[in-house]
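What follows draws every value from the coordinates through simple rules; no lab data is involved. The structure displayed is predicted, hence computed values, not measured ones. FYI the Cβ positions are ideal-geometry reconstructions off the backbone, even for glycines, and counts take in every protein chain you see.
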Amino acid sequence: MFRPSIQKTRILVFLALINIVVYYFVSSSVVTFKSSDYELKIASSEKMENALNVLKKYGRKYPFLSRDPFDTRLVFLNTETSPLLTDIGKYEAKSTVLKPNFSALIIDHFSKAGLSKGDTVAISMTGSMPGANIAVLMACEVMGLEYVSISSLGASSWGATDMNLSWPKMEKILFDNKITNKVSDKFTYGGGADYLKRGTRYRKIYGGDSKRQSLDSLMISLYPDKNLNDLFILHGLSIDEVLNDTTGSILKTSIDKRISFYEKSCSNGTLSCYDAYVNIGGGVASFGYKGKNKLKDNYGFVKAKDVLDVLPPFEKRSSVMVKFADSNIPLINITEIEKLIKGSDIGYFNSFISDELDQIGNGKWDREGFKWSQDLSGTPEIFFDLNNNGTWDDNEEYLDQDGLLDIGKGNLYNTKMFNMLVVWLGLVICLGSTIYIGFISYNQISRQMRSYDPNS
């Protein structure tokens, strides 16, 4: 019985084998390239690591390894009596941003905003996330960006709530050790109304006049040659002014003064000289009243138009973000940390924790007691060791376990792509072999039809 080649079992098996072999070579042709801004990311992360090591000398070791598993000493005990405490925060976020690789992520968002050496950015920092502050400052330093910064002293829980190591103190330590070129240009109390105003319900324990006085004393100790009116954006309101503020006038005044200071710090007296506005944390002056929830899906690099689409106009509900957006200045919003790091190899603190970590000598995680069974210092990396040589290579999948030692590894620094020459060659071989067999079969069928005698 006549059968063309394309119907013969051995030919079909041959084609299948060709496709399998080609698939194997194509799938194995992954090439690793250094990502854009590789050198800047390395420099920024190393600079942040150095900053953390310097600050660690001034921190305290609290009796809870589980909240600060990498012993940075910059995840602070939730002390309700601290004058710096303003609200409830997430320790997972506070721990995550203390990874030096987080500064490499900031470089990514700076690049998305089109920032380059010599550009000027306005920064709003917070005591709530000192790690994020440091990451942003290190990125600015290595990229050669000019910056004008305003820092809030107040901090949500697990942030810089220790009066002996507040964010202004950390900043000054970094400056004195020549890790940064400057400290914040101005400060605010932060918290309620950006003035440490006492709140209602559970917020009654935060803020108040006595705690503002404590923060005044703190700032005088750090800057004995300056007066408080020069240090603070807004200072010296009477107790009656604070207690009787029911219309949000204090917050509006703080917002207006922040904007005015940013404008005065520009060479042309407007916001137009800034190339980006960098917000860290959920400060009410930056977002405006109830603005944080409206912008919760806009994190990292955000176009000015997207800010204006979400937040009310400045005339209806003022905020620093909207004022910058009105001047067509993009936002780099360092909030929603778990979402911000998604897609990168920076693991959200404890999200990847496995009960099996003890198998590689890292100690075991006690989920009920929420602690490590042993010290994790010197934790090795986790990666798929394809070569079985005990070291991470560029073509091996990598998981950032500690974030403190693994600078230069992972997808923040390296991009994996198929070798397109091999891909195209494989496509040619697969299609060519199929077309070739099809062509032969067509000729065989044509010859058979010409020789076929229906009367025979």
Okay, helix-only estimate at 222 nm for the chain: each DSSP H run of n ≥ 4 adds -39500 (n - 2.57), divide by all residues, round to 500 deg cm²/dmol; what do you get? -12000 deg cm²/dmol
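Quick one: Kirkwood hydrodynamic radius for region 155-252, alpha-carbon pairs, angstrom, one decimal?
In region 155-252 this quantity evaluates to 14.6 Å.
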Gain in span if fully extended, LEU431 to LEU386, counting 0.36 nm per residue against the direct Cα distance: 13.1 nm
Based on DSSP H assignment, which helices of the chain show an axial Cα extent of at least 18 Å together with a mean Kyte-Doolittle hydropathy greater than or equal to 0.5? 9-27, 130-143, 420-451
For ASN50 and SER238, what is the calculated FRET efficiency with R₀ set at 41 Å and r taken between the beta-carbons, to the nearest 0.05? 0.40
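If you build the Cα gyration tensor of the chain and take the root of 5 times each eigenvalue, what three semi-axes come out, in whole angstrom, biggest first?
For the chain, the semi-axes come out at 57, 27, 20 Å.
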Check the cysteines of the chain one by one and keep only those with no other cysteine Cβ under 4.7 Å from their own. CYS140, CYS430
Inter-centroid distance (Cα atoms) of region 418-437 relative to region 132-197, Å: 57
Label TYR289 and THR81 with points 7 Å out from Cα along Cα→Cβ: what is the distance between them in nm? 3.5
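Which of TYR189, TYR223 comes first, and how do the rest follow, when ranked by fewest Cβ neighbours within 10 Å?
Details: TYR189 27, TYR223 16.
Ascending Cβ contact count within 10 Å gives the list TYR223, TYR189.
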